[in-house]
Amino acid sequence: MSARPESAGLQGAGMERGSLDGAPGVGSGGAGAGGTGVANLPGGTPGGEPRRVFLLPGAAKSAPPGLGIKLTQAARRCGVFLNTRCGHHGLCSGCAVELLAGRFETGGREVEVSGEEPVQAKACLTTVLSDEYAVRVPRRSLVETGAQIATGFSAAAGMGRPLDPVVRRVELSLPEPRETNPPSFVEQLKKALADRDFPGNIAMPLEVVRDLPAAIVRGGGRIVVYLAHEPGRGVGDHGDTGARGPGEWASGACGPGGGAPGGGGPRGAAPGGNSPREGAPGVCGPGKGAGEDGWVIQDVAPAGPARDPEDEPKALLGAAVDIGTTSVVVALVDLESGEIKASASAYNQQVSLSADVAQRIVDASTPEGLRELQRLLVEESINPLLEICCRAAGAESADVRAVGISANTVMTHLLLGISPESMGGAPFVPVISAPPPLFSREIGLAAHPRAQVRIAPAAGAYVGGDIVSGLEVLGYFEYPENALFIDIGTNGEMALSTGGRLIACATPAGPSFEGGGLTFGTRGAAGAIERIRIDPESGAADVEVIGRARPYGICGSAYVDFLAEGLKSGVIDRKGRLAMTPGPSRGRAPVREERVDGKLLRAYCVVPRRRTDDRTRDIVITEGDIAALLQAKAAIFAGAVTLVEHAGLRLSDLQVLHLGGG
């Protein structure tokens with residue numbers, strides 16, 4: 001779906017069109033017939049080394065040496081991410097490029113280009129055979145890897161719940177001991193916390209114990225203690241000091257428990273049942289676990305007038321992270337006021353390897369692939385957004401002391417570095433459905449190293465923590481009416497609340513509503529057509545483009561518009577075929593036959609090439625695109641009908657419908 005960006009950072013953006021000296025085809029509608037040799041191109045290296053150049057809209061990138069590798073791999077090595085939405089199988093034209101100079105193998109034949117007409121090729125099927133080469137990459141073939149959208153949501157005010165953060169800040173005074181054999185500093189600290197109504201089962205990691213004496217001295221006996229709640233953690237779960245090694249999780253954290261404040265009951269129920277879900281980690285606040293709830297001391301710092309300016313208390317921050325197959329969104333929240341201090345979003349950088357969940361399961365089947373997918377998610381997607389939010393809020397990453405994460409089940413596995421291979425085929429069994437609380441350092445998040453990380457539990461392999469989070473926020477576990485929630489995305493998750501029951505399912509809708517697999521499909525970013533209106537008389541399209549830029553593609557919301565407008569205007573018939581002849585009083589529709597990926601298809605011209613970003617191709621919607629959209633729509637509809645009929649209802653019995661998605 002469309003989302004209007006505040007800033008859209010396509011690779012190579014930031015330079016005016018045509019600003020590269022000697023760069024043919026940059027901003028001029030393609031490479032010319034002459035002067036396209038490598039020697040005439042920018043991007044060479046000092047000392048007369050061979051030039052390997054990728055020409056982008058408004059920029060040039062030099063690639064490192066590499067013979068016998070695919071162009072997609074060569075492009076990635078210099079930070080150019082091509083749209084390999086079919087998983088590098090050559091089934092789409094997402095990575096279409098122009099070969100300007102050099103020797104390649106493409107389409108089963110060897111080609112050498114040097115000043116002639118450029119050769120059209122799919123980068124995923126093209127192998128580099130020469131030390132020097134030049135390749136032009138149109139904008140439509142680039143993966144959008146910068147900021148995607150500006151998020152404007154607010155804290156969950158009006159949910160009818162008190163603010164109940166998982167991390168607390170307490171200022172304590174430790175009186176100077178007067179007895180001959182005084183208790184240890186740790187014992188004094190625990191007693192002071194008990195006097196402030198904190199339970200006695202408090203764990204203290206060894207590194208915090210080491211910091212305690214200095215904090216007491218610098219604060220003149222007054223200290224600030226940061227505590228993180230852990231549901232179901234019995235005394236001694238972390239050992240005598242509570243020290244937890246990398247990869248070790250608190251025992252008891254996966255025991256039976258409710259996810260919401262107050263423990264069990266309907267909010268802790270699993271979809272489809274009324275009993276508390278086993279393994280619920282208390283995502284929405286402290287819940288009752290297998291053992292008595294406890295606290296882990298995250299940090300101690302000096303308090304009082306004697307402290308240094310650097311010891312002044314800062315905002316107590318938490319981060320909410322939504323991990324989707326396509327996008328990642330981060331919001332920075334003041335845990336004491338509930339105010340959202342900053343938010344940012346970007347594409348999930350795993351799209352640079354593959355666009356869909358199924359292909360990522362395949363990619364993660366090797367240790368190297370799994371590590372790379374985890375790295376792309378943590379280091380290239382989440383951490384940059386955390387840093388952006390911290391800068392916007394005037395904070396440091398160490399000020400983030402709690403992280404709540406919502407993700408589909410496969411993304412959760414990849415985040416934790418757990419292979420999702422068992423979900424790649426029947427019976428689709430996840431390794432873990434309700435991860436226990438963990439420290440941020442265990443997965444490398446840019447937050448306080450002992451920040452508490454809570455991951456929303458999943459209901460199954462394809463009904464993940466993302467839709468479970470949405471159900472929790474919408475109150476579906478106790479919804480008084482027949483209500484259907486549909487998360488429109490590649491996986492098409494949906495849930496029905498009726499008569500005290502909650503039933504969920506998923507349907508393979510595919511990426512069409514996000515532009516995936518469509519001839520000119522793209523995600524919502526600057527230059528994407530987001531709205532289409534069709535003139536009923538002429539059949540011509542009137543479009544709106546995100547960022548008011550020249551268009552290079554069409555995002556999901558515009559495709560939905562086209563289906564509705566096309567049917568209403570007579571451009572499309574009820575079978576999804578484009579009309580080659582005008583209807584009554586409608587004039588002539590701009591429909592013709594066009595060859596796409598070797599197939600002759602009817603196509604509707606949305607924007608003629610003279611008005612497009614690179615002026616090389618008309619932006620069209622083909623009958624193949626229409627078929628893919630109708631299949632996605634049918635999948636969502638079939639899932640909804642199946643779910644409603646399974647509950648003994650009809651669609652007309654629904655009283656509330658909620659839609660979500662990218």
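As a rough guide to protection, the peptides 632-645, 601-614, 491-504 ranked by mean Cβ packing within 10 Å, highest first, stand as 491-504, 601-614, 632-645.
A simple spin-label model places pseudo-atoms 7 Å from Cα toward Cβ; at ASP197 and ARG501 they are separated by 4.2 nm. Model label points for ASP211 and LEU91, set 7 angstrom from Cα along the Cα-to-Cβ axis, are 5.0 nm apart. Size descriptors for region 348-435: radius of gyration and Dmax over Cα atoms are 14.5, 48 Å. Ordering of 514-526, 390-402, 537-549 by packing is 514-526, 390-402, 537-549, highest average first (other Cβ atoms within 10 Å, averaged per residue).
Expressed in units of 2.2 N^0.38 Å, where N is the residue count, the Cα radius of gyration of region 381-540 is 1.29.
Computed from point charges on the beta carbon alone (+1 for Lys and Arg, -1 for Asp and Glu), the dipole magnitude for region 487-625 about its Cα centre is near 380 Debye.
The loop-placed chymotrypsin sites (Phe, Trp or Tyr not before Pro) in region 412-492, going by DSSP, that have at most 14 neighbouring Cβ atoms within 10 Å of their Cβ come out as PHE428.
If the segment from ARG615 to HIS646 were pulled out straight at 0.36 nm per residue, it would be longer than the present Cα-Cα gap by 6.0 nm. Take the alpha carbon gyration tensor of region 520-662, find the square roots of its eigenvalues, order them as a ≥ b ≥ c, and report rounded if a/c is under 1.5; if not, report prolate when a/b exceeds b/c, else oblate. In terms of gyration-tensor shape, prolate. When the Kirkwood radius is taken over all Cα pairs of region 496-566, what Stokes-Einstein diffusion coefficient follows at 4 °C and 1.567 mPa s, in µm²/s? Reported coefficient: 94 µm²/s. The spacing between region 182-209 and region 311-361, judged by their C-alpha centroids, is 33 Å.
Where a number appears in this text, it was derived from the coordinates with a stated rule and is not lab data. Predicted model only: the values in this text are computed from it and were never measured. Every residue, glycine as well, gets a Cβ built from its backbone with ideal geometry; the counts of neighbours run over all protein chains shown.
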